[in-house]
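The values are calculated or read from the model by the stated rules, or taken from the named source; none is laboratory data. Quantities reported herein were computed from a predicted structural model and do not represent experimental measurements. Don't worry about glycine lacking a Cβ; one is built from the backbone with ideal geometry, like all the others, and counts go over all protein chains shown.
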Ligand SMILES: Cc1cc2nc3c(=O)[nH]c(=O)nc-3n(C[C@H](O)[C@H](O)[C@H](O)COP(=O)(O)OP(=O)(O)OC[C@H]3O[C@@H](n4cnc5c(N)ncnc54)[C@H](O)[C@@H]3O)c2cc1C
């Protein structure tokens, strides 16, 4: 494996670092307080090509590889992990659409996603079916040439603000084979949205979406009937590595800020950086963050080469968010009382990364999938 970034990837990373520092970091706390991004952010990120990173160039996107998209999500997350969702969600939805939709559908849907006019959400979880998504019950029933969607999705990131949704619905028998995917223009006459009051990630937010016979055309079906669950899991094999990178970027930022603080803060007549008890935990976490980041890069690098990457992505999804919580927590403690408030970003980062220990699959589910790859389905838990 060669993880040396190309000149192009390095230039891209530098440009994004500048954007994150100059245009995102200053509003990280403000967006959290408002529960909304500042006006114009979506447009700005779309104009930079960030929302359509994974969308092919012929459909208005950047046609970026998975690793470059991961680097982008990382750089943006350093300043604002919520803004990185504006890379994550369109990338995940586009992943499924590019893989499963036909040419006519791709031409109709993808340019609007890339331009930010059709911000998508990803609707899998239901009140009674979270980890056990294969048994979801939201129903798609045939209605003339099209379908009607009835049932509730919950815990949907960007659920209040999204214009479109990739909805996983039951069209057939119980279990994974009876699930199909639909790409839907959300019509609020048929969807009742209710927001959550969350611990973190408030700018992106989560919502429940109750579908009440929402009509969709025959051409809303993505791929064949019964293909939805497999497409969803293939998408997760990608998004789980991105999510881990987003969390690790928060960890990296907090660790750097904490180390910097140890140089400046004096106690007992010397900088606290002179205390092993202060610095060694930060060093240990920094080493682990580097290791975990490489695992994420490996998952994306393998994906870019068409190699199996589910094991690496699921390992990353357990390790990255967990480690980020530990690192953000340790960084917060390093600042003492000053970080136990919203004046510094440490507390918000900790609140934000905890959400991604759950979102897109919990640690237990990520380990379960990894175990299946290591042991085989019959012997795994
Ligand atoms: C910040 C955030 C963003 C989210 N965004 C989205 C989104 O955009 N779209 C979407 O569809 N969903 C989203 N979710 C929902 C998320 O994917 C689910 O919450 C998650 O899959 C777990 O489902 P659950 O909460 O119903 O927990 P449950 O499935 O009820 O699990 C409860 C607990 O039991 C454990 N558990 C369950 N089954 C097993 C098992 N077989 N072995 C071991 N442990 C098990 C779980 O790990 C968990 O700790 C989001 C959640 C959060 C917190």
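Scanning region 170-185 for residues that are in contact (Cβ under 8 Å) with a residue 40 or more places away in the chain and away from the ligand (no atom under 16 Å from the Cβ) returns 171, 172, 177, 178, 185.
Against the definition (at pLDDT 95 or above, within 26 Å of residue 131 (Cα to Cα), away from the ligand (no atom under 16 Å from the Cβ) and assigned to a loop (DSSP other than H, G, I, E, B)), how does residue 381 come out, yes or no? No; evaluated as a whole, the condition is false for this residue. Take residue 140 and tell me if it is out of contact with any strand residue (DSSP E or B) (no Cβ under 7 Å at 6 or more places or on another chain), surrounded by 16 or more Cβ atoms within 10 Å (Cβ to Cβ) and at pLDDT 95 or above. Spelling it out, it is not the case that residue 140 is out of contact with any strand residue (DSSP E or B) (no Cβ under 7 Å at 6 or more places or on another chain), surrounded by 16 or more Cβ atoms within 10 Å (Cβ to Cβ) and at pLDDT 95 or above. For region 279-288, indicate whether the set of residues that are modelled with pLDDT of 95 or more, crowded, with 20+ Cβ neighbours inside 10 Å and over 20 Å from the mean Cα position of the chain (by Cα) is non-empty. Yes.
So that you can scan it fast, the table gives a plain yes or no per residue for (1) modelled with pLDDT of 95 or more; (2) surrounded by 19 or more Cβ atoms within 10 Å (Cβ to Cβ); (3) over 20 Å from the mean Cα position of the chain (by Cα):
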residue	(1), (2), (3)
7	no, no, yes
16	yes, yes, no
78	yes, yes, no
105	yes, no, yes
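Within the set 306, 320, 361, the sole residue that is assigned to a loop (DSSP other than H, G, I, E, B), surrounded by 19 or more Cβ atoms within 10 Å (Cβ to Cβ) and either within 16 Å of the chain's Cα centre (by Cα) or more than 16 Å from the ligand (Cβ to nearest atom) (or both) turns out to be 361.
Here's the yes/no breakdown for (1) crowded, with 24+ Cβ neighbours inside 10 Å; (2) within 13 Å of the ligand (Cβ to nearest atom); (3) at pLDDT below 95; (4) assigned to a helix (DSSP H, G or I):
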residue: 152; (1), (2), (3), (4): no, yes, no, no
residue: 160; (1), (2), (3), (4): no, yes, no, no
residue: 168; (1), (2), (3), (4): yes, yes, no, no
residue: 187; (1), (2), (3), (4): no, no, no, no
residue: 199; (1), (2), (3), (4): no, yes, no, no
residue: 202; (1), (2), (3), (4): no, yes, no, no
residue: 207; (1), (2), (3), (4): no, yes, no, no
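Residues in region 126-150 that are in contact with a helix residue (DSSP H, G or I) (Cβ under 7 Å, 6 or more places away or on another chain) and within 13 Å of the ligand (Cβ to nearest atom) were compared, and the one that is farthest from residue 207 (Cα to Cα) is 134.
Is it fair to say residue 211 is buried (at least 16 other Cβ atoms within 10 Å of the Cβ) and either assigned to a helix (DSSP H, G or I) or at pLDDT 95 or above (or both)? Yes: the conditions hold for residue 211. Screening the candidates 312, 342 for the property of being surrounded by fewer than 17 Cβ atoms within 10 Å (Cβ to Cβ) and on the phi < 0 side of the Ramachandran plot yields one hit, 342. Among the residues of region 336-357, those identified as in a loop (DSSP other than H, G, I, E, B) and either under 20 Å from residue 205 (Cβ atoms) or within 16 Å of the ligand (Cβ to nearest atom) (or both) are 342, 345, 356, 357. Please count how many residues of region 240-282 are within 14 Å of residue 324 (Cα to Cα) and either free of Cβ contacts under 8 Å to residues at least 24 places away in the same chain or not in a helix (DSSP H, G or I) (or both). Of the residues in region 240-282, 1 are within 14 Å of residue 324 (Cα to Cα) and either free of Cβ contacts under 8 Å to residues at least 24 places away in the same chain or not in a helix (DSSP H, G or I) (or both). Restricting attention to region 107-125 and to residues that are over 22 Å from residue 160 (Cβ atoms) and surrounded by fewer than 18 Cβ atoms within 10 Å (Cβ to Cβ), the residue that is farthest from the ligand (Cβ to nearest atom) turns out to be 107. Can residue 333 be described as surrounded by fewer than 20 Cβ atoms within 10 Å (Cβ to Cβ), over 19 Å from residue 78 (Cβ atoms), within 16 Å of the ligand (Cβ to nearest atom) and modelled with pLDDT of 95 or more? Judged against the criteria, residue 333 is not a match.
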